[in-house]
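The values are calculated or read from the model by the stated rules, or taken from the named source; none is laboratory data. What you are looking at is a predicted structure, and each value in this text was computed from that prediction instead of being measured. Methodologically, a virtual Cβ is constructed for each residue, glycine included, from the backbone with ideal geometry; neighbour enumeration extends over all protein chains shown.
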Amino acid sequence: MSLKARLLRNDAVYGLFCSIPAALSVELIAAAGYDFAVIDLEHTLTGNEQLAAMLLAARASSIAALVRVAAPYQALQALDAGAEGIVFPRVRSVEAAREAVRLCHFAPRGERGLNATWHSRYGRDDLPVAMDAAREHTLVIAMIEDTEGLAHADAIAAVDGVDVLLEGAVDLSQSLGLPWQTRHPDVRAAVSRIREAARRHGKTFCALPRAPEDFQVWYRDQVRMFILGDDRGIARRAMAAHLAQHQLRDIKQ
């Protein structure tokens, strides 16, 4: 079942940002039991060949792969290579949201270029059928992470073809003059406005809880899509905890 179908069914789904540019990282996220990985091109130097390998690893590991693009043109390449959806950072306007939909969907909803890719087994399968499947399964995710996007959140959520609003509290905190203060009341209120915009228009809201109590609050509010951190940070914390255990053991000896 595609990630989009699971969201429409209101399943709880959990993912991580995958910032380590390696297929192995995707496989580890899948092995840990997550439902999806967001391969990040915005804040990494992941190249096209590495992205292709990571998307292949996602298919082989039965985990949904989303791609956060650094530039809009990357959406077509990522989708053709197997991404189930595209995360567009810093969506600030209705026009940007419509452009995201245009890039991700075939006609009549969009203008995504036609090609016989792995989706149709390189032309072996019926191409119109493959197009129909892509329409059903492709996710368009608008990330709102500054005050301009916040001001237009309701209109962005109303755009036909936008499936998910993703909060970006870190950059939003900077835009509000409160850099890194993601738990400041003003930042939390801004994120809640994004949540309400998604609710009003029947769109999925994706939360990035930064503490266990954040997750509990969002879950009670019927949020069911979560990104639970970044593979780099989780790996660093796990290694630091492992080191600390052994350092304490040395002290005791």
Segment 20-56, residues that are farther than 21 Å from VAL164 by Cα, assigned to a loop (DSSP other than H, G, I, E, B) and of a type in the set (Ser, Thr, Tyr): THR44, THR46
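Table: residues versus (1) of a type in the set (A, V, I, L, M, F, W, C); (2) assigned to a helix (DSSP H, G or I).
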| residue | (1), (2) |
| --- | --- |
| ILE141 | yes, no |
| ASP154 | no, yes |
| ASP160 | no, no |
| LEU172 | yes, yes |
| PRO179 | no, no |
Residues of segment 92-111 satisfying the condition of being small (Gly, Ala, Ser) and more than 18 Å from the chain's Cα centre (by Cα): SER93, ALA107, GLY110
Counted residues, segment 131-173 - those being on the phi > 0 side of the Ramachandran plot and out of contact with any helix residue (DSSP H, G or I) (no Cβ under 9 Å at 6 or more places or on another chain): 0
Filter result for the condition that a residue is more than 30 Å from ARG102 (Cβ to Cβ), of a type outside the set (A, V, I, L, M, F, W, C) and crowded, with 16+ Cβ neighbours inside 10 Å, over ASP230, ASP186, ASP214: ASP214
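How many residues does segment 115-126 contain that are free of Cβ contacts under 8 Å to residues at least 12 places away in the same chain and either assigned to a helix (DSSP H, G or I) or touching a Leu at 6+ places or on another chain (Cβ under 9 Å) (or both)?
So in segment 115-126, the residues free of Cβ contacts under 8 Å to residues at least 12 places away in the same chain come out as 116, 120-126.
The next check asks that each one be either assigned to a helix (DSSP H, G or I) or touching a Leu at 6+ places or on another chain (Cβ under 9 Å) (or both); those that pass are 116, 120.
Residues in segment 115-126 being free of Cβ contacts under 8 Å to residues at least 12 places away in the same chain and either assigned to a helix (DSSP H, G or I) or touching a Leu at 6+ places or on another chain (Cβ under 9 Å) (or both): 2 in total.
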Tally of residues being farther than 22 Å from ASP163 by Cβ and either surrounded by 15 or more Cβ atoms within 10 Å (Cβ to Cβ) or of a type in the set (Ser, Thr, Tyr) (or both) across segment 57-69: 2
Contacts under 6 angstrom Cβ, first residue in segment 41-56 being without any contact (Cβ under 8 Å) to a residue 40 or more places away in the chain, partner surrounded by fewer than 16 Cβ atoms within 10 Å (Cβ to Cβ), 6 or more apart: LEU41/ALA70
Long-range neighbours under 9 Å by Cβ, at least six apart or interchain, first residue modelled with pLDDT under 95 within segment 148-166, second not aliphatic (A, V, I, L, M): none
